[in-house]
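First the structure, in the form of C-alpha cells, and then the observations on it.
The values are calculated or read from the model by the stated rules, or taken from the named source; none is laboratory data. Worth saying up front: this structure is predicted, and the values here are computed from it rather than measured. Cβ: placed from backbone, ideal geometry, glycine included. Neighbour counts: every protein chain shown.
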Amino acid sequence: MAFEFLADLYNAIVVGLSNALGPFNDSPLAIVTIFLITIGMAVISSGATRLLTDVDEMKRRMVEVREWQSEYTKAIRAKDEKAIAKAKKRELTIKRAQAEMSKEQMKPMLFTIVPFFVFYYLFYAVFGYNLVTIGYSPIEIPYIGTTFNFWTWYLMASFSVSALIQRLFRVPSAGD
C-alpha cells in the first residue's frame, strides 16, 4: 500500500513535470532544457562544496601533494636513492593529506547525492527513460553515436559545464 502511494506520487510528479515543460520536453528544445538542468545541478554541487569545505585548505593540500608527487617521480626517474628516501619519509604525511582531502570532498556529497538521485530518477522518466531521442549530432561521437537520449546528453553537458562552474565558484578540482 505504501509502495503504491509512492509509485502514484512519483508518476504524478513525472506527469506534472512533463506537462509543465510543454514543448521543452521534446526534441530539439529538450536539449536546452537538459543543458539548463545540468547547469543548475553543477551550481548546486559547487555551491555545496564551497559552503561545506575549507576551499583554501584544499588548494594548499592539493599543491603539497602535487609537489611531492613531482619530486618523487623525478627521483625515481633519476634513480636518485637519496632523493627517493627523502620523498619516502614524507609519504605518510602526504597520504594523510590525501585522506583529509578525500574526507573534505565527501562532505558536500553527503548533502547532494540524494537530491541528485531524485533529480535523475524524475527527469530520466520525464525525458522518456532513455528510449526517446532528444538530439542529433552531425558527427559520429565515439561510444555515443549520432543520437542523444537524456543520459548521453546530460553526461556530455555535465562534462562541458562542471569545470566552468567550479571555476566560477573557485572550487578546486583535479586539474588545478
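If I filter the stretch 140-155 down to residues being among the polar types (S, T, N, Q) and outside any loop (DSSP other than H, G, I, E, B), which single residue comes out as nearest to residue 123 (Cα to Cα)? Of everything passing the filter in the stretch 140-155, 152 is nearest to residue 123 (Cα to Cα). Being under 22 Å from the mean Cα position of the chain (by Cα) and not polar (S, T, N, Q) is the filter here; which residues of the stretch 136-156 pass it? Correct list: 141, 142, 143, 144, 148, 150, 151, 153, 154, 155, 156.
Cβ separations smaller than 6 Å between residues 6+ apart or across chains give no pair from the stretch 48-70 residues that are within 14 Å of residue 96 (Cβ to Cβ) and without any contact (Cβ under 8 Å) to a residue 24 or more places away in the chain to residues that are crowded, with 16+ Cβ neighbours inside 10 Å and of a type outside the set (Phe, Trp, Tyr). Does the stretch 14-60 hold any residues that are under 16 Å from residue 127 (Cβ atoms) and not in a helix (DSSP H, G or I), and which are they? If the condition is that a residue be under 16 Å from residue 127 (Cβ atoms) and not in a helix (DSSP H, G or I), then 26, 27, 28 are the ones that fit. Just to be sure, is residue 83 assigned to a helix (DSSP H, G or I), of a type in the set (A, V, I, L, M) and surrounded by 13 or more Cβ atoms within 10 Å (Cβ to Cβ)? Here the answer is yes, as residue 83 does meet what is asked. Of the candidates 91, 64, 100, the single residue that is farther than 30 Å from residue 169 by Cα and either of a type outside the set (Lys, Arg) or at pLDDT below 90 (or both) is 91. Just one of the listed residues (160, 137, 102) is out of contact with any Pro (no Cβ under 7 Å at 6 or more places or on another chain) and not in a helix (DSSP H, G or I), and it is 137. Listed by first and then second residue, the pairs with beta-carbon distance under 6 Å, at least 6 apart or on different chains, first residue in the stretch 5-26 and within 21 Å of residue 153 (Cβ to Cβ) and at pLDDT 90 or above, second in a helix (DSSP H, G or I) and β-branched (Val, Ile, Thr), are 14/126; 17/126; 18/126. If I filter the stretch 96-131 down to residues being touching a residue at least 24 places away in the same chain (Cβ under 8 Å) and of a type in the set (Val, Ile, Thr), which single residue comes out as surrounded by the most Cβ atoms within 10 Å (Cβ to Cβ)? Taking the candidates together, the pick is 126. Just one of the listed residues (8, 26, 56) is among the acidic types (Asp, Glu), out of contact with any Pro (no Cβ under 6 Å at 6 or more places or on another chain) and surrounded by 15 or more Cβ atoms within 10 Å (Cβ to Cβ), namely 26.
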